[in-house]
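Taking it in order: structure first as structure tokens, then the write-up.
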Amino acid sequence: MSAHAPIRRFTVPQIAARKGDTPIVALTAYTAPMAAMVDQHAEVILVGDSVGMVIHGLPSTIGVTLDMMILHGQAVMRGSERAIVVVDMPFGSYEESPQQAFRNAGRIMAETGCGAVKLEGGLRMADTIRFLTERGIPVMGHIGLTPQATNTMGGFKTQGRDQATWPAHIADARAVEQAGAFSLVVEGVIEGLADQITQSVAIPTIGIGASNRCDGQILVLDDMLGLSGRVPRFVRKFGDLGTQASDAIAEYAAAVRDRSFPSEAQVYR
């Protein structure tokens, strides 16, 4: 009898080769069950530091810890088998020095088994990205609206509205590429700027609130499933699970109160 061939995860070279090809499907996931569902359809699963807001109720991503990212990274790895899993490096875990970044990125990869890490920043983080990639740690970059820097940006503000800033954003993208990143998240930028960034680099761009001409797209899973509250304009809700869940919980509560649950079918005799 012939055994089924093992499922192989997407690799960094395979994702990098998708530049200008079939768009890359990427989504966030933070738990094993959600990762299993996403894994059937996406090439990239990002364990985003958005977990702090989505799962833990934090007001921003700033309070997310390395231990939190590792815990959720382990869960997503257990729940998936096909997509490459990328884990965000949280605020404060990589900015101090390339050496600090390597220690923490190495811990993430060793303890989760993920395929790559993601960190925010363009030109200012190029030396750190180069330090990591030269030592065997694949890096996904992230430029434009960088949530970990919202305190200095003055909030979640769309980038590139002033065309005079476009060269700086394009320089960020090129610096990340030249430092060795295999792909680049472009978040919250004007469409025309996202198009120019995509054309300016040889690595895939993955847009979120950017342009449909990026080489791929990513959304926060809970946002697109309708499980979040107020969401940014760039989110399309592909489901309304929040309403369905609320209705189901209300139905359960009513059944408990009128003693129609548990019924004969749910008790043991």
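The values are calculated or read from the model by the stated rules, or taken from the named source; none is laboratory data. Note that the coordinates shown come from a computational prediction; the quantities given were computed from them, not determined experimentally. Don't worry about glycine lacking a Cβ; one is built from the backbone with ideal geometry, like all the others, and counts go over all protein chains shown. Please note that ligands, DNA and RNA were not included when accessible areas were found on the heavy atoms of the full protein model with its side chains. Shrake-Rupley method; radii C 1.70, N 1.55, O 1.52, S 1.80 Å.
Brief remarks on what is shown
- Distance histogram in 5 Å bins (all Cα pairs of segment 48-102, percent per bin): 4, 20, 25, 23, 17, 9, 2
- P(r) weight above 20 Å for segment 48-150, C-alpha pairs, percent: 34
- Segment 169-250: translational diffusion in µm²/s, Stokes-Einstein, Kirkwood Rh over Cα pairs, 10 °C, 1.306 mPa s: 113
- Computed with a 1.4 Å probe over protein heavy atoms only, the accessible surface of segment 1-44 comes to 63 Å² per residue.
- Helix axis angle, 98-112 relative to the chain longest principal axis, alpha carbon, degrees: 30
- Altogether, the Stokes-Einstein calculation at 10 °C and 1.306 mPa s, with the Kirkwood radius of segment 135-208 over Cα pairs as Rh, returns a diffusion coefficient of 127 µm²/s.
- For segment 94-204, carbon and sulfur atoms together expose 48% of the accessible surface, with a 1.4 angstrom probe and every protein chain in place.
- Under 14 Å from LYS118, Cα to Cα: aspartates and glutamates that are on another chain or at least 8 residues apart: ASP49, ASP88, GLU95, GLU177, GLU187
- Neighbour cut-off at most 12 other Cβ (10 Å), DSSP loop, GluC sites (Glu not before Pro), segment 84-113: GLU96
- Largest accessible area first, the residues VAL44, VAL220 order themselves as VAL220, VAL44 under a 1.4 Å probe with ligands, DNA and RNA left out.
- Taking all protein chains as shown and a probe of 1.4 angstrom, ARG103 keeps an accessible surface of around 150 Å².
- Gaussian network model of the chain, Cα within-10 Å springs - most flexible of SER60, SER211, SER183: SER60
- Expected-Rg normalisation [2.2 N^0.38 Å, Cα atoms] applied to the chain: 1.10
- Of the residues ASP258, ASP162, ASP247, the one that moves most in a GNM of the chain with alpha-carbon contacts below 10 Å is ASP258.
- Rg ratio (alpha-carbon, reference 2.2 N^0.38 Å) - segment 1-106: 1.19
- Mean-square fluctuations from a GNM of the chain, with a 10 angstrom spring cutoff on Cα atoms, peak among THR11, THR243, THR28 at THR243.
- Sorting HIS56, HIS142, HIS41 by accessible area puts them as HIS41, HIS56, HIS142; the probe is 1.4 Å, largest comes first, and only protein heavy atoms count.
- Segment 51-121, accessible area per residue, ligands and nucleic acids excluded (1.4 Å, Å²): 39
- Protein heavy-atom accessible surface, 1.4 Å probe, per residue over segment 154-269: 59 Å².
- Farthest toward positive dipole pole in the chain [+1 Lys/Arg, -1 Asp/Glu at C-beta], among GLY113, PRO262, MET140: GLY113
- For peptides 202-208, 163-169, sequence by mean Cβ density within 10 Å, most packed first: 202-208, 163-169
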